[in-house]
Amino acid sequence: MLVLPHALTVPGALEFISRATVQQIQALTSLFYGPKYSLLSIQSDRAGWVLDQEAIELQRIASSLGIDVLMNRGISPYAAQCCHYTSQFVLRRPRYFRTRNRVSLDYYHGLPDTAPEFKVLYESLRRHHSAIERVRVSHSQMERVVLESGIDPDKVRRIPIGINLAYFQLQTAESRRHARRRLGLPESAAIIGSFQKDGVGWGEGNDPKSIKGPDVFLHVIEQLKPRVPELYVLLSGPARGFVRKGLEQRGVPYRHVYVNQYEQIGGLFQALDLYLITSREEGGPKAVLESMASGVPLVTTKVGQAMDLVQHGQNGWMMEVEDTEGLAHSAEHVLRHRTSVELEETLKNGRKTAEANSYSSQMPLWRAYMEGFVESGNETP
């Protein structure tokens, strides 16, 4: 365990020093105090969205493994300690790889041939192989792409974006009614959920983010409208302007609910009849396991970790990217057979998939990831 120098621990000496400052001092003194490579600093993108939650869960996992952890507190580049970045966009900052730190990063999405910014990241990955100790990927497609960069295969580990089951309870008829009353949603409507960020930037999101497929989502909804009575859409997440405008143009009623804390997302799933993912590319999304854990039928494109976790017709429904007719057909099938034995069995299987990929179930994977990256603490400086 790291300790502050004696001069900083005298009673009352910390009275005027903020907790953040104390942690920064701890990090800086890691060069001189504590065993080498026994401290882990986790850096999220601090955007208040998915990667921040993943960083919080990783902090819990590391702590449970007995690792000393700092959250979003940098450490000196001269310190013989460890840094993990929850976004591959750290690769845009070469200075972070000119360091004595051991560096690890998550590389969730960004096929190099889909956008110039992703090609830049991929080329940076190639240049910094020797400075990177670990790369965590969340699905098989990105694992293949990262390995094709020529990096040492022993550095690449596949660990899906997991789920905290405490936030997602199985939906019941009563929880569905209660959630709809609480949110002001029509009891008899067929409600489809979409909770992801799919607009460019962090503003209104009027410019669509193509890889998230908001245009595909609207095309599917457009096909469903004449087929499904009382179709309704529940939105959450930032930058949803493009989808909101598209729903209004198509005359489809919706509600956009903002949540202050990630834990509240579970309550939104309770109101749904179906969750729809129409992305062209993904790292997760987290909603794959969130919907499964909640007992909400999932219809998704074959993207991200959905391609590894979803078995079509067994625990969800999965179609090829941009197959709007296939997505609409599967969604209609689910909505018309909400009380069938077939659907009940699919939902049970989905919950089992979520349980198998909970953060607690992933502990052996993370223990193996940390071995050789973060030391046990027995080594002297």
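Can you give me the number of residues within the stretch 238-279 that are farther than 15 Å from Ile221 by Cα, part of a loop (DSSP other than H, G, I, E, B) and among the small types (Gly, Ala, Ser)?
Summing the residues that are farther than 15 Å from Ile221 by Cα, part of a loop (DSSP other than H, G, I, E, B) and among the small types (Gly, Ala, Ser) in the stretch 238-279 gives 2.
Looking only at the stretch 236-250, decide whether some residue is within 26 Å of Gln305 (Cα to Cα) and either without any contact (Cβ under 8 Å) to a residue 24 or more places away in the chain or among the polar types (S, T, N, Q) (or both).
Scanning the stretch 236-250, I find at least one residue that is within 26 Å of Gln305 (Cα to Cα) and either without any contact (Cβ under 8 Å) to a residue 24 or more places away in the chain or among the polar types (S, T, N, Q) (or both), so the answer is yes.
So which residues in the stretch 314-347 are of a type in the set (A, V, I, L, M), open to solvent by 50 Å² or more (accessible area, probe 1.4 Å) and modelled with pLDDT of 95 or more?
The answer is Val321, and nothing else.
Scanning the stretch 106-143 for residues that are among the aliphatic types (A, V, I, L, M) and touching a residue at least 60 places away in the same chain (Cβ under 8 Å), which turns out surrounded by the most Cβ atoms within 10 Å (Cβ to Cβ)?
Here the residue is Met142.
Could you tell me whether any residue of the stretch 180-188 is in contact with an Asp or Glu (Cβ under 6 Å, 6 or more places away or on another chain) and assigned to a helix (DSSP H, G or I)?
So far as the stretch 180-188 goes, yes, one or more of its residues are in contact with an Asp or Glu (Cβ under 6 Å, 6 or more places away or on another chain) and assigned to a helix (DSSP H, G or I).
For Gly283, work out the one condition from (1) in a loop (DSSP other than H, G, I, E, B); (2) open to solvent by less than 10 Å² (accessible area, probe 1.4 Å); (3) modelled with pLDDT of 95 or more it doesn't fulfil.
(3)
Listed residues Met307, Met319; which is among the hydrophobic types (A, V, I, L, M, F, W, C), free of Cβ contacts under 8 Å to residues at least 60 places away in the same chain and over 20 Å from Lys197 (Cβ atoms)?
The conditions single out Met319.
Do you know which residues across the stretch 144-174 are crowded, with 19+ Cβ neighbours inside 10 Å and not hydrophobic (A, V, I, L, M, F, W, C)?
Passing the criteria: Pro160, Gly162, Asn164, Gln171.
When the stretch 54-87 is examined, which residues are found to be closer than 30 Å to Gly201 by Cβ, open to solvent by less than 20 Å² (accessible area, probe 1.4 Å) and assigned to a helix (DSSP H, G or I)?
Of everything in the stretch 54-87, those that are closer than 30 Å to Gly201 by Cβ, open to solvent by less than 20 Å² (accessible area, probe 1.4 Å) and assigned to a helix (DSSP H, G or I) turn out to be Glu54, Ala55, Glu57, Leu58.
Against the definition (under 19 Å from Ile191 (Cα atoms), touching a residue at least 60 places away in the same chain (Cβ under 8 Å) and not polar (S, T, N, Q)), how does Val296 come out, yes or no?
Considered against the rule, which asks whether it is under 19 Å from Ile191 (Cα atoms), touching a residue at least 60 places away in the same chain (Cβ under 8 Å) and not polar (S, T, N, Q), Val296 comes out as yes.
Could you identify the single residue in Glu375, Glu325 that is in contact (Cβ under 8 Å) with a residue 12 or more places away in the chain, at negative phi and in a loop (DSSP other than H, G, I, E, B)?
Answer to the check: Glu375.
For the list (1) part of a loop (DSSP other than H, G, I, E, B); (2) open to solvent by 10 Å² or more (accessible area, probe 1.4 Å); (3) of a type in the set (Val, Ile, Thr), I need the number of the one condition that Val303 fails.
The number of the failed condition is (2).
Does the stretch 177-203 hold any residues that are surrounded by 18 or more Cβ atoms within 10 Å (Cβ to Cβ) and either touching a His at 6+ places or on another chain (Cβ under 7 Å) or of a type outside the set (A, V, I, L, M) (or both), and which are they?
Within the stretch 177-203, Arg180, Gly193, Ser194, Phe195, Gln196, Lys197, Asp198, Gly199 qualify.
So that you can scan it fast, the table gives a plain yes or no per residue for (1) in contact with a Ser or Thr (Cβ under 8 Å, 6 or more places away or on another chain); (2) at pLDDT below 95:
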site: Val69; (1), (2): yes, yes
site: Cys82; (1), (2): yes, no
site: Glu117; (1), (2): no, yes
site: His129; (1), (2): yes, no
site: Arg158; (1), (2): yes, no
site: Ile163; (1), (2): yes, no
site: Arg176; (1), (2): no, no
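If I filter the stretch 123-142 for residues that are more than 20 Å from the chain's Cα centre (by Cα), in a loop (DSSP other than H, G, I, E, B) and closer than 30 Å to Ser76 by Cα, do I get at least one hit?
Looking for residues that are more than 20 Å from the chain's Cα centre (by Cα), in a loop (DSSP other than H, G, I, E, B) and closer than 30 Å to Ser76 by Cα, one finds at least one in the stretch 123-142, hence yes.
Test each condition in (1) at pLDDT 95 or above; (2) hydroxyl-bearing (Ser, Thr, Tyr); (3) open to solvent by 10 Å² or more (accessible area, probe 1.4 Å) for Ser358 and report the one that comes out false.
Status for Ser358: all satisfied but (3).
Could you tell me whether any residue of the stretch 251-262 is surrounded by fewer than 21 Cβ atoms within 10 Å (Cβ to Cβ), of a type in the set (Phe, Trp, Tyr) and under 22 Å from the mean Cα position of the chain (by Cα)?
Yes, some residue in the stretch 251-262 is surrounded by fewer than 21 Cβ atoms within 10 Å (Cβ to Cβ), of a type in the set (Phe, Trp, Tyr) and under 22 Å from the mean Cα position of the chain (by Cα).
The values are calculated or read from the model by the stated rules, or taken from the named source; none is laboratory data. For clarity, every value in this text was computed on a predicted model and none was experimentally measured. Glycine gets a Cβ as well: all are built from the backbone with ideal geometry, and neighbour counts include every protein chain shown. Protein only, heavy atoms only, side chains kept; ligands, DNA and RNA dropped before computing areas. Shrake-Rupley method; radii C 1.70, N 1.55, O 1.52, S 1.80 Å.
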